[in-house]
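The values are calculated or read from the model by the stated rules, or taken from the named source; none is laboratory data. Here the structure is a predicted model, which means the values were calculated and not measured. Methodologically, a virtual Cβ is constructed for each residue, glycine included, from the backbone with ideal geometry; neighbour enumeration extends over all protein chains shown.
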Amino acid sequence: MPTQDEIFKVVQETLEDALGVDDDEVTMDATLQGDLGAESIDFLDILFRLEKGFDIKIPRGELFPENLASADSSFVQDGKVTESGIAQLREKMPHADVDKLAENPAVENIADLFTVRMMVSFLDQKLNG
C-alpha cells in the first residue's frame, strides 16, 4: 500500500511527462488546466499513464467525470452551478474539494476541481481503499 507521498511522486512524474511541466510546478494545489496547462485531450493520456504507473484500471469518467456542466439543465443556471449541481459533484467527485467550488459556484470554476491533490486523494482511496 503506497503512502500519499509515494502516490504524489508518481502523479508528479506522470504530469511532468504528459504535460511537459517542471516538477516544481506540480504542487498538491496546482490545477491541471489553469496551472499546468492540461487540455481535455491530455486527461486520457494522464489516465492511461496512471493506470500503467500503479498497475490498476480506472473506469472512464471516474477520475475525470465528463460533461459535468451539460449533464443536466438543473445542474447549471445563469452561469452558476446550482445546489443540486453541487450535490451531484459531491457524489461524482468525493475526492475533490467541492466545498471550495460551493463558495464561488461559477461554471468556469468547475475546472479548478481538477487538482493534483484531487488525483492523489482519488488514487489513495483506489489503492488503499
Looking only at region 11-41, count every residue that is in a helix (DSSP H, G or I) and surrounded by fewer than 17 Cβ atoms within 10 Å (Cβ to Cβ) and tell me the total.
8
Across region 105-124, what is the total count of residues that are more than 15 Å from GLN4 (Cα to Cα) and either aromatic (Phe, Trp, Tyr) or in a helix (DSSP H, G or I) (or both)?
8
Only one of SER84, SER74 is part of a helix (DSSP H, G or I) and not assigned by TED's automatic domain parsing to the domain that holds GLY129, namely SER84
